[in-house]
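Presented below is the structure to which this report refers.
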Amino acid sequence: MRYQLVPPEELRAARDAFPHYEICQFHDPAGLPEVTAVLKPSYRHSDLAVLVCAATVTELAEILSAQPRPGLPRRDPHRRYWRYPRP
């Protein structure tokens, strides 16, 4: 499998359009591309697909745009968001 260090423009546009997914494009030994989108952990509570695979970035963008809009990410209960305890 091969991974490009400098992604193509359409891949960067898909990453900007769907910031709640980690989108990567891989190539198999024959050079055929496969695009994969993995849902970020903070959005796992939503009804979105966790793993989406497609042959092209355009096909992946069509699949992801057909899903409902994601809500706000959940807060981590173990992370302190304020310096001092709340009264």
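The values are calculated or read from the model by the stated rules, or taken from the named source; none is laboratory data. From a predicted model like this one, the values you see are computed outputs, not experimental measurements. Positions of Cβ are generated from backbone atoms using ideal geometry, with glycine treated the same way; all protein chains shown enter the neighbour counts.
Among LEU48, LEU5, which is the only one that is surrounded by 14 or more Cβ atoms within 10 Å (Cβ to Cβ) and among the hydrophobic types (A, V, I, L, M, F, W, C)?
One residue alone meets the criteria, LEU48.
Out of ALA55, ALA66, I need the residue that is more than 17 Å from GLU22 (Cβ to Cβ), over 15 Å from the mean Cα position of the chain (by Cα) and modelled with pLDDT of 90 or more. Which one?
ALA55
Does LEU64 satisfy the criteria of being part of a helix (DSSP H, G or I) and in contact (Cβ under 8 Å) with a residue 24 or more places away in the chain?
It is true that LEU64 is part of a helix (DSSP H, G or I) and in contact (Cβ under 8 Å) with a residue 24 or more places away in the chain.
From the residues in the stretch 22-52 that are modelled with pLDDT of 95 or more and not hydrophobic (A, V, I, L, M, F, W, C), which one is farthest from the chain's Cα centre (by Cα)?
THR36
If PRO70 passes every condition in (1) loosely packed, with under 15 Cβ neighbours inside 10 Å; (2) touching a residue at least 12 places away in the same chain (Cβ under 8 Å); (3) of a type outside the set (A, V, I, L, M); (4) in a loop (DSSP other than H, G, I, E, B) but one, which one does it miss?
Condition (1) is where PRO70 drops out.
Any idea how many residues of the stretch 1-22 are in contact with a Lys or Arg (Cβ under 9 Å, 6 or more places away or on another chain) and either aromatic (Phe, Trp, Tyr) or more than 17 Å from ARG69 (Cβ to Cβ) (or both)?
Number satisfying all stated conditions: 3.
Just to be sure I understand the filter: pairs with C-beta atoms under 7 Å, separated by 6 or more residues or on different chains, first member in the stretch 2-27 and hydroxyl-bearing (Ser, Thr, Tyr), second member part of a loop (DSSP other than H, G, I, E, B). Which pairs pass?
Listed by first residue and then by second, the contacts come to TYR21/LYS40.
Could you tell me which residue of the stretch 9-21 is modelled with the lowest pLDDT, considering only residues that are surrounded by fewer than 13 Cβ atoms within 10 Å (Cβ to Cβ) and within 21 Å of PRO41 (Cα to Cα)?
Step by step, filter the stretch 9-21, then rank; the result is PRO19.
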